[in-house]
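Only the coordinates and a few stated rules stand behind these numbers; no lab work does. Just so it is clear, the structure is predicted and the values come from calculations on it, not from any experiment. Here the Cβ is made from the backbone with ideal geometry for all residues, glycine too, and neighbour counts use every protein chain on show.
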Amino acid sequence: MAAWLWILVVVLALVVLFVIRVFNSLIRLRNEVDNSLAQIDVQLKRRYDLIPNLVETVKGYAKHEKELLESVTKARAAMMSAGSLAEKASASDQLSKTLKTLFAVAENYPQLKANQNFLQLQEELTGTENKISYARQHYNDMVMLFNNRIQMFPNNLIAGMLGFKRRELFKAPEGEKEPVKVKF
């Protein structure tokens, strides 16, 4: 009878160790997802901080582009007021579009294109856009790992009992998925 008791204790200890291992791996992945989302926010904030300098630089050269500058400012404000992940994705993409339009309009102003401050801001914003893209990709990779882990057996049993929930991917709005039309 003592042998059965030892076997029961060993089996229970193994189950407890397994649950602890699964729990710790889920916590680690959840924290990586949260960190990845925070890295997106860091880059979005960096872009947010660069935009007023860019707008001021362009204002001096492109006085009659007031509507475009206002749309950049509105898109910037919408980005910072976005709450959910979907709202952030949509506002971020809208801001990217207005910045692309601003840079395209800047092509009409040779003095602005030659302005060192404008060129530096343009380069910094381009670099920041690349970092945002990378941060989104990394976030989605971490979310995929996390969601896979909490949905696969036997982790799904433990994740369900401990309240782990699926995370939302950072998705591009529907309009961004359409093919780009190039006209010459």
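Its Cα centre serving as origin, the chain has a Cβ charge dipole (Lys and Arg +1, Asp and Glu -1) of approximately 240 debye.
Tally Lys and Arg at +1 and Asp and Glu at -1 over the other residues with C-beta under 14 Å from the C-beta of GLY83: what net charge comes out? Working shown, then result.
Numbers: positive: LYS88; negative: ASP41, GLU87, GLU168.
Charge balance near GLY83 sits at -2.
Relative to the dominant Cα principal axis of the chain, helix 66-81 is inclined by about 20°. Taking other C-beta atoms within 10 angstrom as a stand-in for reagent exposure, PHE146, PHE170, PHE153, PHE103 fall in the order PHE153, PHE103, PHE170, PHE146, fewest first.
Placing +1 on the Cβ of every Lys and Arg and -1 on the Cβ of every Asp and Glu, with nothing else charged, gives segment 31-134 a dipole about its Cα centre of roughly 280 debye.
In the chain, taking the dipole from charged Cβ atoms about the Cα centre, the farthest positive-side position among MET79, ILE7, LEU99 is held by ILE7. Helix 85-106 axis versus longest C-alpha principal axis of the chain: approximately 30°, rounded to the nearest ten. Each of the trypsin sites (Lys or Arg not before Pro) that DSSP puts in a loop and that has at most 16 other Cβ atoms within 10 Å breaks the chain; the longest unbroken stretch is 64-164.
Using R₀ = 30 Å, calculate the FRET efficiency as 1/(1 + (r/R₀)^6) where r is the Cβ-Cβ separation of LEU119 and ASN35; round to 0.05.
Details: r = 33 Å, r/R0 = 1.10.
The value I calculate is 0.35.
Listing TYR139, TYR134, TYR48 from fewest to most neighbouring C-beta atoms within 10 Å gives TYR134, TYR48, TYR139.
Which value does Rg/Rh take for segment 83-136 over its C-alpha atoms, Rh per Kirkwood? List each step's numbers first, then the result.
On the way: Rg = 13.2 Å, Rh = 12.4 Å.
Radius of gyration relative to Kirkwood radius: 1.07.
Secondary-structure-derived ellipticity at 222 nm for the chain, considering helices only, amounts to -28000 deg cm²/dmol, per-run term -39500 (n - 2.57) for DSSP H runs with n ≥ 4.
When only Cα pairs below 8 angstrom with a gap of at least 6 residues are kept, the chain shows a relative contact order of 31 percent. What is the local net charge at GLU32, summed over the other residues whose Cβ is closer than 14 Å to its Cβ (Lys, Arg +1; Asp, Glu -1)? My count for the surroundings of GLU32 gives +2.
When the chain is treated as a GNM with alpha-carbon contacts under 10 Å, the residue of ASN148, ASN53, ASN108 showing the greatest mean-square fluctuation is ASN108. Between GLU67 and MET161, the modelled label-to-label distance comes to 6.3 nm, taking each label 7 Å out from Cα in the direction of the beta carbon. The gain in end-to-end length when the ASN130 to VAL10 segment is fully stretched comes to 38.0 nm, 0.36 nm per residue minus the alpha carbon separation.
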